[in-house]
1. Got a number for residues in the range A:522-545 being in contact (Cβ under 8 Å) with a residue 24 or more places away in the chain, under 36 Å from the mean Cα position of the chain (by Cα) and part of a loop (DSSP other than H, G, I, E, B)?
2. Might you let me know whether the range A:663-671 holds any residue that is in a helix (DSSP H, G or I), closer than 18 Å to A:GLY637 by Cβ and either within 29 Å of the chain's Cα centre (by Cα) or at pLDDT below 90 (or both)?
3. Could you check the range A:8-43 and list, in sequence order, the residues that are closer than 17 Å to A:ARG62 by Cα, within 14 Å of DNA strand B (Cβ to nearest atom) and surrounded by 22 or more Cβ atoms within 10 Å (Cβ to Cβ)?
4. Could you list, in sequence order, the residues of the range A:366-394 that are surrounded by 22 or more Cβ atoms within 10 Å (Cβ to Cβ), of a type outside the set (Val, Ile, Thr) and under 22 Å from A:GLN262 (Cα atoms)?
5. Count, please, the residues in the range A:44-66 that happen to be crowded, with 20+ Cβ neighbours inside 10 Å and touching a Phe, Trp or Tyr at 6+ places or on another chain (Cβ under 9 Å).
6. Would you pick out the residues in the range A:3-19 that are within 13 Å of A:VAL49 (Cβ to Cβ) and either more than 9 Å from DNA strand C (Cβ to nearest atom) or modelled with pLDDT under 95 (or both)?
7. Go over the candidates A:VAL471, A:VAL460 one by one and state the one that is surrounded by 13 or more Cβ atoms within 10 Å (Cβ to Cβ), at pLDDT 90 or above, over 18 Å from A:ALA698 (Cβ atoms) and among the β-branched types (Val, Ile, Thr).
8. Taking the conditions exactly as written (surrounded by fewer than 22 Cβ atoms within 10 Å (Cβ to Cβ) and touching a strand residue (DSSP E or B) at 6+ places or on another chain (Cβ under 8 Å)), does A:LYS420 satisfy them or not?
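The values are calculated or read from the model by the stated rules, or taken from the named source; none is laboratory data. Bear in mind that the values here come from a model prediction, so they are computed numbers and not experimental data. Here Cβ is always computed from backbone atoms with ideal geometry, including for glycine, and neighbour counts include all displayed protein chains.
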Amino acid sequence: MIAKVIVDVPSRQTDRPFDYEVPYEMQEWLELGSRVGVPFGGRVLQGFVIDLTESASVDRTRLKPIAELLDPVPPLLPDMIELSRWMSDKYCCSWTQALQAMIPAALKGKEERQIGLGEPDEEYGLPAELKEWIANSGGLVKLDALIAKYPQHLKAVKHALAKGTLTQQSSIKDRLAVRKVLTVFLPESRLPLEHALEQVPARAAKQREALQWMYGREEPIALQELAQQTGVSSASIKPLVEKGLLELREVEKERDPYAHRQFTRTSPLPLTEGQREVFGRIAEALDARQGRTMLLHGVTGSGKTEVYLQSIQYCLDQGRQAIVLVPEISLTPQMVERFKGRFGDAVAVLHSRLSSGERFDEWRKIRSKKAQVAIGARSAIFAPFEQIGLIIIDEEHESSYKQEESPKYHARDVAVRRAKQHGAAVVLGSATPSLESFAAASRPAANPGASALLPMPYRVGGRPMPPVEVVDMREELRAGNRSMFSRQLHAALQERLERGEQSVLLLNRRGYSTFVMCRSCGHTAACPHCDISLTFHQKSRVLRCHYCGHAEGAPAECPECGSEHIRYFGTGTQRVEEELAKLFPGIRVIRMDVDTTSEKHAHEKLLKQFGDRQADVLLGTQMVAKGLDFPYVTLVGVIAADTSLHLPDFRAAEKTFQLLTQVAGRAGRHELEGEVVIQTYTPEHYAITTAQTHDYAAFVSEELRHRSVMGYPPYCRLVLVTMSHEQLPLLSTVSERFAAELRELAEHEGVLAPLGSGLPRALEVLGPVASPIARMKDRYRFQCVIKYRGSIDASAIVRRALQPFTEGPQQKGIGFSVDVDPQVIL
DNA sequence: AGCACGCCGACT
DNA sequence: GTCGGCGTGCTC
């Protein structure tokens with residue numbers, strides 16, 4: 001048998017299957033999707049089996065055998081192999097990158113080489129100390145350790161390896177082994193308790209106690225836990241084990257990050273009429289098993305989560321599994337609690353706060369069918385379920401569903417594709433759907449595969465949306481108020497303090513960073529390797545570059561003019577905090593921004609404090625806008641709504657509207673009535689006026705008009721190609737050639753035409769132009785934007801255009817990066 | 001990505 | 001005369 005293997009080398013030249021012979025003793029265990037170690041170019045690499053056949057694509061005698069099988073159960077399922085192939089085509093990434101994205105990081109094996117003594121050396125003198133060390137280390141040492149200990153002998157080692165006086169063997173070592181726990185068992189065939197006790201000395205009270213306790217329990221228990229529960233130290237267990245009265249074995253332990261938590265079980269709530277109708281449509285789609293996609297457009301507080309929960313129950317009752325994607329930031333304990341409360345241990349939770357070991361264990365719960373529901377951020381879309389019935393994507397519009405590193409996939413698109421494979425239903429939920437999803441769902445149902453729109457326009461309990469007041473900050477200035485708080489917001493805050501209610505303040509900080517400027521000459525600190533200003537880090541008083549990591553101390557005087565008038569533009573939230581303290585002495589503020597949430601559980605801790613009413617105000621950036629639900633919050637204030645509105649990004653208005661709508665939904669979700677105050681310098685902008693009236697439809701129709709005129713999604717699709725090189729002139733020529741190549745290929749396909757041409761299929765290439773960040777890590781950057789509409793396989797065109805630049809005679813280190821459906825093109 | 005093979009400058 | 005520089009090319 002022959003296995004086709006994708007080896008873990010992310011290079012274009014090796015991005016294809018390589019054939020290997022399956023050793024006889026491996027045949028029974030090797031499966032499609034197995035992870036293996038294979039000899040490749042003189043070393044052993046990790047790879048994935050993507051096909052098992054009888055026919056080789058090269059001369060069979062050239063085949064090498066697979067060196068090792070790395071897991072007892074293949075980490076990939078057959079459908080995921082197909083999905084990875086699709087991803088590598090669509091997102092122009094290597095196949096191995098796509099495969100790697102699907103499994104937990106703990107399963108990324110690395111080669112480990114061991115060096116041993118070979119034929120006795122005569123003429124080739126190995127340094128004696130080296131020989132001795134190897135001999136004393138049991139004859140085998142890790143190459144890494146050797147290099148660390150004797151870097152000066154590296155040459156001699158290479159020689160010896162070539163001569164055979166040293167030998168080496170490689171194997172794949174996982175980043176993380178399964179955690180083993182010493183566990184105490186009662187023996188299979190055990191003596192009755194009284195007979196067993198006879199064998200224990202009468203004065204060994206602790207041993208007797210432990211033995212009795214184990215007989216009473218019968219179940220195995222971790223040694224440590226036994227010690228804890230009985231107060232018997234492990235030293236007293238040892239003699240019992242030696243006598244054969246107890247057994248001690250290493251047992252695989254699954255780390256359950258939620259093990260110590262109790263979740264109150266909840267039952268399905270009665271649905272409102274609106275919820276029932278939507279649930280009915282989802283159930284229909286689940287019954288149909290056709291891979292339908294639905295857009296659940298529900299205002300904040302309309303009870304989407306309960307619909308999700310009952311739909312999942314319906315799916316589980318069909319014997320199928322469900323995946324729930326939520327944005328990382330809203331994967332809070334509150335959220336987890338709701339799912340654990342309804343489905344208990346059947347829920348696996350995958351989020352970035354878990355250690356790689358914990359994450360691996362949650363993943364194994366899914367793979368071993370102990371869990372039927374996976375809830376997690378973006379990458380949870382790859383949960384290894386065998387029969388997916390339902391995929392829910394909550395807050396569908398969130399940009400965090402797009403991965404910004406290769407493979408630059410969008411979880412929503414992967415979900416739709418994966419659902420097709422499984423005949424699963426996809427539910428995209430949002431109060432402010434992305435224009436792409438909304439347009440897809442409102443298209444006349446010409447094709448049966450098109451997605452359907454499920455509206456939920458009313459809040460549960462008939463609570464009204466909170467009134468939103470928009471304050472024109474220009475008026476404030478005219479009235480002589482130079483504070484960052486308008487009179488209205490000031491009064492509203494005062495009122496909350498007096499009534500003992502809580503407020504949320506949002507500082508829209510997108511596109512607005514912490515930098516350092518000299519007030520005398522205007523000099524700003526910039527990164528020496530990138531065209532970007534350095535970010536000031538309050539805590540360490542260090543200036544850092546976000547892109548390359550360059551760091552330098554914050555200067556006391558201007559390096560340009562020597563002036564001491566250096567202004568540190570802090571996080572913004574700090575300034576707001578200071579001003580709050582000035583205006584309202586004694587006010588208790590919890591500040592949430594990158595500075596205060598960098599520690600591991602800081603985010604949850606701060607929210608818990610706020611929930612426990614230990615503060616009057618929760619002040620923060622975007623992260624305070626998402627999914628929070630506190631009954632005593634009756635005021636939401638937005639300090640400056642405009643900051644994200646004027647970014648040179650075609651989604652600026654959409655992002656602003658979404659943010660304002662989300663944050664407005666945080667107020668008055670319970671008995672107490674809420675109020676929202678939005679401060680802005682452009683109160684007439686449609687993103688603000690429509691957010692004020694909670695009018696999504698009005699926003700969309702205006703925004704669609706703009707997109708149509710400007711030629712942006714959803715009226716077309718985009719591919720962004722960024723090229724980089726140290727030498728500007730070379731980069732410039734090559735990028736021109738690449739753009740020409742693209743145009744030529746499109747011409748050949750008969751699709752090269754301006755988008756304004758009105759043709760149903762059209763593709764145009766913009767650029768190359770310098771990227772918004774024109775230099776990064778000492779490399780210049782140029783970009784091309786491809787806009788297209790209609791059934792065009794733009795990825796295929798890009799891949800073909802790349803060929804001459806990445807194959808054949810080495811193309812002197814030009815870096816190409818392809819972003820299909822980019823979130824930001826600036 | 002590595003690693004090996006291969007053809008030109010500064011050293012014992 | 002050799003060691004080693006990294007350009008080019010291959011890995012089942």
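1. 7
2. Scanning the range A:663-671, I find at least one residue that is in a helix (DSSP H, G or I), closer than 18 Å to A:GLY637 by Cβ and either within 29 Å of the chain's Cα centre (by Cα) or at pLDDT below 90 (or both), so the answer is yes.
3. A:VAL38, the sole residue that qualifies.
4. A:ALA371, A:GLN372, A:ALA374, A:GLY376
5. Matching residues across the range A:44-66 total 5.
6. A:ALA3, A:ILE6, A:ASP8
7. A:VAL471
8. No, not satisfied.
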